[in-house]
Amino acid sequence: MTFSFLALDRTLGVLGVATASRSLAVGAGVPGLDPAAGVVVSQAWTNRVLRALVLERLRAGVGAPAAVDLAVARDGGARFRQVGAVGLDGSVGVFTGAETTPWAGHRTGEGWLAVGNLLAGPDVLDAMVEAFHRPRPPVRVATDAAVPAPGVAVHPDGMTVGAPDADDPAAAALGRRLLDALRAGERVGGDRRGRQSAALLVARVQPVSIAPPQLVLDLRVDDGEDPLGALARLLALRERDLAQPSNGVTAPRTTVTPSDSFAHQWGVEQP
């Protein structure tokens, strides 16, 4: 009843997910993202608990295929589910239960996953993949991953983590690519019941998990006649906000470490 695209850009150190559906508030139930672990969707006859189970395994260092398998094995209704994940190592895991409403399936590659059910047909996923990988101008990289700027760390996998400045072109660029993928899928039929809601989550990779996760983009349209159009408008507004100095609510210059994660969660200014 939903189609989603999940992706990790290891070069720029960002990851995200976009999802759309003819169900109310898809963003509340389907996607999950931990910047220190990976990204996940639980859809079809959605079991929201599966998101937490997959992210828990990813945090423990389990690859995405095994994380998805372990979560699904604990679900008595797995035959109705569709679950997908991308880990920070670029691994991809996906499961579609035998009784998931057709057409259902997926497309995968290194660090990305297109997955959907109750679709107009496989062309939906093919269009999403083509749009996501369409050549685009290079994104301005604010830091050299080999020599991070102050306040920027290097993840054990070699990715630059944390946001070097408020203007975050890498996260915004991934958000646009994910949204382009959904719009391409919708143009060839999308969810065959129609459209109602959509959501977009993007974050910079972080070295430690905190709650709530620090997301650069956390946008959703819960009910609308053109949810992807409305989501595009929200993305443009968020990009404008990112170009402004921090307003004290967000902390664009902070890379969270285990020693300061508690203070960061409670809004204590970091040195």
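The values are calculated or read from the model by the stated rules, or taken from the named source; none is laboratory data. Computed from a predicted structure; not experimentally measured. Every residue, glycine among them, receives a Cβ derived from its backbone with ideal geometry; neighbour counts consider all protein chains shown.
Pairing each residue of the range 36-57 that is under 20 Å from LEU217 (Cβ atoms) with any residue that is at pLDDT below 95 and surrounded by fewer than 24 Cβ atoms within 10 Å (Cβ to Cβ), provided the two are 6+ apart or on different chains, yields C-beta distances under 6 Å for ALA36/VAL208; ALA36/SER209.
Against the numbered list (1) more than 22 Å from GLN214 (Cβ to Cβ); (2) buried (at least 17 other Cβ atoms within 10 Å of the Cβ), ALA98 comes up short only at (2). Going by what's in this entry, would ALA20 be described as over 14 Å from LEU200 (Cα atoms) and crowded, with 19+ Cβ neighbours inside 10 Å? Against the criterion (over 14 Å from LEU200 (Cα atoms) and crowded, with 19+ Cβ neighbours inside 10 Å), ALA20 does not qualify.
Would you confirm whether any residue within the range 74-95 is assigned to a loop (DSSP other than H, G, I, E, B) and in contact with a Phe, Trp or Tyr (Cβ under 8 Å, 6 or more places away or on another chain)? Yes, there is a match, as at least one residue in the range 74-95 is assigned to a loop (DSSP other than H, G, I, E, B) and in contact with a Phe, Trp or Tyr (Cβ under 8 Å, 6 or more places away or on another chain).
Would a scan of the range 71-90 turn up a residue that is within 15 Å of the chain's Cα centre (by Cα) and surrounded by fewer than 24 Cβ atoms within 10 Å (Cβ to Cβ)?
Scanning the range 71-90 turns up at least one residue that is within 15 Å of the chain's Cα centre (by Cα) and surrounded by fewer than 24 Cβ atoms within 10 Å (Cβ to Cβ).
Restricting to the range 48-86, name every residue that is over 21 Å from THR19 (Cβ atoms) and not basic (Lys, Arg). ALA60, GLY61, VAL62, GLY63, ALA66, ASP69, LEU70, ALA73, GLY76 - these are the residues of the range 48-86 that are over 21 Å from THR19 (Cβ atoms) and not basic (Lys, Arg).
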